1. Looking for something in contact with a Ser or Thr (Cβ under 8 Å, 6 or more places away or on another chain), modelled with pLDDT of 95 or more and more than 30 Å from B:TYR41 (Cβ to Cβ) - is there at least one such residue anywhere in segment A:223-238?
2. In segment A:280-298, is there at least one residue being over 19 Å from the mean Cα position of the chain (by Cα) and closer than 30 Å to B:VAL42 by Cα?
3. Looking at this structure, is A:PRO184 part of a helix (DSSP H, G or I), surrounded by 19 or more Cβ atoms within 10 Å (Cβ to Cβ) and more than 13 Å from chain B (Cβ to nearest Cβ)?
4. Hey, can you tell me all the residues within segment A:318-329 that are open to solvent by 40 Å² or more (accessible area, probe 1.4 Å) and either within 16 Å of the ligand (Cβ to nearest atom) or not in a loop (DSSP other than H, G, I, E, B) (or both)?
5. I'd like to check which helices (runs of 4 or more DSSP H) are fully inside segment A:35-79 and have at least 2 residues that are crowded, with 19+ Cβ neighbours inside 10 Å and either more than 12 Å from chain B (Cβ to nearest Cβ) or in contact with a helix residue (DSSP H, G or I) (Cβ under 6 Å, 6 or more places away or on another chain) (or both).
6. Say we look at segment A:82-115 and pick out the residues that are surrounded by 21 or more Cβ atoms within 10 Å (Cβ to Cβ) and assigned to a strand (DSSP E or B); which of these is farthest from the other protein chains (Cβ to nearest Cβ)?
7. Here's a check for you: in segment A:330-378, which residue that is assigned to a helix (DSSP H, G or I) and basic (Lys, Arg) is nearest to the ligand (Cβ to nearest atom)?
8. Please report, ordered by residue number, the strands (runs of 3 or more DSSP E) entirely within chain B with at least 2 residues that are farther than 21 Å from A:THR161 by Cβ, among the aliphatic types (A, V, I, L, M) and at the interface with chain A (Cβ under 9 Å from one of its Cβ atoms).
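The values are calculated or read from the model by the stated rules, or taken from the named source; none is laboratory data. What you see is a predicted model; the values in this text were computed from it and never measured. Because the Cβ atoms are built from the backbone with ideal geometry, glycine has one as well, and the counts that use them run over all protein chains shown. Only protein heavy atoms, including side chains, enter the accessible area calculation; ligands, DNA and RNA are left aside. Shrake-Rupley method; radii C 1.70, N 1.55, O 1.52, S 1.80 Å.
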Amino acid sequence: MEDSFENMDPLQIGEDYRDKELAGKAARRIRELASDEKQTYKFMHVCGTHEYTITHSGLREILPPNVKVIAGPGCPVCVTPPEDIALAITIAKQPNVLITTFGDMMRVPATGWGSLNSARARGAKVQVVYSMMDAIEAARNNPDLEVVHFAIGFETTTPPTAVELLAGPPENFSVIVSHRVIPPAQELLLKSGEVALNGFILPGHVCTVTGMRPYMPISEKWKVPQVVAGFEPLDVLLGLVMLLTQVNEGRAEVENEYTRAVSLEGNVRAQEIVAQVFQTADARWRAIGSIPESGLTLRSEFASFDVREHVSVEIEPPKFEVPPGCRCGEVLRGVIGPRECPLFGKKCTPQQPVGPCMVGQEGTCAIVYGALALKSES
Amino acid sequence: MCLAIPARIISIEEDKATVDFGGVTRVISLALLPDTAVGDYVLVHTGYAIQKVDRDEAEKTLDLWREILSTEDKTNP
Ligand code: SF4
C-alpha cells in the first residue's frame with residue numbers, strides 16, 4: 001500500500017472528526033474570535049499533509065478574510081538541497097551502485113542535473129522504496145552492488161533510518177543523510193521577520209514522535225502561539241480556534257489539538273534511537289539557506305555508513321538553487337502563494353515541474369495545482 | 001512523506017506485526033513502538049509503527065469540544 005493522501009484514514013478512526021455540525025460550529029467560533037476586522041491573523045503550517053487537507057477541503061474559503069493560513073517549508077523533498085540530489089545522481093551513474101529513495105524524491109529536479117528519474121531513464125540504477133526495510137532488503141538481495149539509500153525527511157522519517165542503522169545493515173549498505181528537523185526552520189522564519197506570523201499549526205505526525213517539548217522554547221522566545229493539529233478538516237478548524245483564542249488572550253503556548261496521537265513526551269524510544277545514531281548540525285534548506293542545527297549527521301560510531309566511506313565521488317554543486325524564474329523559495333518561506341508565481345500552471349506543472357515545489361504529494365505548488373485541476377474537471 | 005496512516009494490529013511476531021489498513025493487510029515493523037498489543041490502533045509511517053492512536057481520547061476530546069462550542073463565546077459578547 002502506497003502512502004496516499006486520498007486515503008489517509010481507511011479504518012475511519014477519525015470518523016468522529018468528520019462531524020459536519022461540529023465543523024460548522026468551529027467555523028462560527030473562528031468568525032467570532034476574529035470579529036475585529038482591523039486585526040489580521042496569519043498562521044503558518046509546516047506540513048504538506050496539512051496543506052493537502054486545507055486546500056482540498058476548501059478551508060481557506062470559509063475563513064474570514066482577516067484569518068490567513070499559509071504554507072511553510074513543510075515539504076521534505078522540496079527543501080532537500082540540490083547538491084544532495086546532484087550527489088545522488090552522480091553516484092547512481094557509477095557502475096555497481098544502486099540508489100534507493102522514496103517516490104517523491106524521484107522527480108525533483110536539481111538545476112542542470114535533471115532528476116533521479118531522468119538519470120534512471122538514461123540507465124542509472126535507482127530503485128523507489130516504500131520503506132527503509134525495503135532499502136535494506138535491496139542491499140541483501142544485491143550483494144555485488146553498493147546500495148546507497150538517499151535518506152530524506154523530517155522527524156517522522158528519521159527514526160526508521162536510525163533504527164535500521166542501529167540494527168546493523170549489510171556491509172554493502174550506506175546512506176546519504178539529508179534529514180532535517182523542523183523547529184530551527186521556524187526560528188529562522190521568525191528571526192527573518194519576512195512574514196509577520198501570529199502562530200504556527202504544528203505538524204501532527206512529526207509531533208507523534210517529537211512530542212511537544214521541542215517547540216516550547218520557540219513560544220517562549222518569540223511569544224508565538226503554537227498548536228499541534230491533526231489532519232481532518234475539523235482538526236485544523238479546532239487548531240485555529242485554539243490559536244485565535246491564544247492570540248486574543250495574549251498567550252503564547254504550545255497546545256495540543258491532536259490528543260488522540262500526540263503526547264507531551266512523544267515517542268521517547270524513537271527519540272533515543274535517533275539521538276544514538278545522529279547528532280544535529282547546521283544544514284542547508286533548498287532556496288532558504290543554511291539553518292543552524294537543522295540537519296543531522298551520523299555520529300562517529302556510525303560514520304562507516306556514510307556514503308563517502310563507500311563510494312568516492314566529486315561533484316560540482318549546482319549553480320542555481322532553483323531554475324531562474326521559479327519562486328519556490330518564497331513559497332517555502334510563506335512569502336507568496338503558488339498562484340503568484342508567473343510560471344504556475346503555465347511552464348510549470350506536475351507533469352513538467354520547473355521547481356521542487358511542483359513535485360510530489362507535499363509540494364505546495366503541486367497540491368494547489370492538483371486541487372484546481374480537480375475543480376475544473378467537475 | 002510525513003503522512004502516517006492508522007492501522008489495527010492483527011498479530012505480532014517479535015518486532016514485526018501484521019496490520020489491517022481497512023481491508024489491506026501488511027507486515028510492519030514495531031521496532032520503534034514495541035509496547036503494543038493485538039487490537040491496538042497504531043499510526044504507520046513508511047512501514048514503521050510510530051505511535052498509538054487512542055480512540056477513547058479522541059471521543060473524550062470531541063465531547064469537550066461539543067460542549068465548548070455550544071456555549072456562548074465569552075471573549076466577544
Ligand atoms: S509554480 Fe513551479 S516555478 Fe513557480 S514557484 Fe512553484 S515550483 Fe517554482
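1. Scanning segment A:223-238, I find no residue that is in contact with a Ser or Thr (Cβ under 8 Å, 6 or more places away or on another chain), modelled with pLDDT of 95 or more and more than 30 Å from B:TYR41 (Cβ to Cβ), so the answer is no.
2. So far as segment A:280-298 goes, yes, one or more of its residues are over 19 Å from the mean Cα position of the chain (by Cα) and closer than 30 Å to B:VAL42 by Cα.
3. Criteria met by A:PRO184.
4. Scanning segment A:318-329 gives A:PHE320, A:GLU321, A:PRO324, A:GLY325, A:ARG327.
5. Where helices (runs of 4 or more DSSP H) fall fully within segment A:35-79 and carry at least 2 residues being crowded, with 19+ Cβ neighbours inside 10 Å and either more than 12 Å from chain B (Cβ to nearest Cβ) or in contact with a helix residue (DSSP H, G or I) (Cβ under 6 Å, 6 or more places away or on another chain) (or both), they are A:48-56, A:76-79.
6. A:VAL97
7. Checked segment A:330-378; the qualifying residue nearest to the ligand (Cβ to nearest atom) is A:ARG339.
8. none
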